[in-house]
Amino acid sequence: MSGGARRISVLVPVFDAEKYLGEALDSALSQSFSPAEVVVVDDGSQDGSLRVASSFGERVRVIRQAHAGIGAARNRLVAEATEEWLAFLDADDRWTPTALATHLKALEARPHADAALGRVVQFVSPELPEAARSLLACPEGPMPGAHPGASLLRKSAFSRVGPFRVDLRVGEFVDWWMRGLEAGLDAASHDAVVLERRLHETNTGRREKAAVTDYLKVVRQALARRRSGAP
């Protein structure tokens, strides 16, 4: 599939991820299929995330906003994207070198699909001391799942599904994906690993421990919509 056929905006939300952002951006910029643009929204970071993003120069477009949460940061990224295909990458994760090309290959058989969805492997960040590593449960092997970094999405799908929720501290993508499936989102799933998800001491799910209730809220509301037949 030629670069002219599918042009991709890489979208990276960041909040206080100075330690890992550079590696994430390197994995995006070194893809075997080059994206048309890489956009970072710095959601009011208090560390050096803005400096790291800006150090990439013209290769990365950087937007600064007051802290508004992950849903608002993703919505801003979608609004700023100039291409029809969107690839989200969280600031503490990294892609495999052929992630985008693999998604595009999956779409060759489903050219009208709204999305491609691959698999995720998780790893414990190597700089952590042993005491910290022992507290992290790291699943082995590739895993399927609705993770933003494992997907390639058609921008026009957002006009049908709607924006990410801004009232959730975690689970905003799971909520969007569930609403998408309810709206008839057509995904070309494949078994290739495209995302390496980093486990560390400040993952959002660990930093926002009380936010686990948001995941329960998302699931309960999806079940309620299914029972009522509501969109």
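The values are calculated or read from the model by the stated rules, or taken from the named source; none is laboratory data. Remember, it's a predicted structure, so these values are computed and weren't measured experimentally. With ideal geometry, Cβ positions are generated from the backbone for all residues, glycine too; neighbour counts draw on all protein chains shown.
Criterion applied to A187, A183, A146, A109 was being modelled with pLDDT of 85 or more, of a type in the set (G, A, S) and under 23 Å from V10 (Cβ atoms), and the one residue passing it is A187. Scan the range 172-197 for residues that are within 16 Å of D93 (Cβ to Cβ) and surrounded by 20 or more Cβ atoms within 10 Å (Cβ to Cβ) and the total you get is 5. Quick one: would you say V38 is among the β-branched types (V, I, T) and touching a residue at least 40 places away in the same chain (Cβ under 8 Å)? No, not satisfied.
Looking at R119, R160, R110, R169, which is the one that is surrounded by fewer than 16 Cβ atoms within 10 Å (Cβ to Cβ) and either in contact with a helix residue (DSSP H, G or I) (Cβ under 9 Å, 6 or more places away or on another chain) or assigned to a helix (DSSP H, G or I) (or both)?
Details: R119 fails: surrounded by fewer than 16 Cβ atoms within 10 Å (Cβ to Cβ); R110 fails: either in contact with a helix residue (DSSP H, G or I) (Cβ under 9 Å, 6 or more places away or on another chain) or assigned to a helix (DSSP H, G or I) (or both); R169 fails: surrounded by fewer than 16 Cβ atoms within 10 Å (Cβ to Cβ).
Step by step, each of R119, R160, R110, R169 is checked, and only R160 is surrounded by fewer than 16 Cβ atoms within 10 Å (Cβ to Cβ) and either in contact with a helix residue (DSSP H, G or I) (Cβ under 9 Å, 6 or more places away or on another chain) or assigned to a helix (DSSP H, G or I) (or both).
When the criteria are applied in full, D175 fails the requirement of being in contact with a Phe, Trp or Tyr (Cβ under 6 Å, 6 or more places away or on another chain), within 27 Å of G44 (Cα to Cα) and not aromatic (F, W, Y).
Look at the range 116-129: where a residue is over 13 Å from V194 (Cα atoms) and a partner is in a strand (DSSP E or B), sitting 6+ places away or on another chain with Cβ atoms under 7 Å, you get F123/E196; F123/R198; F123/L199; V124/L199; S125/R198; S125/L199.
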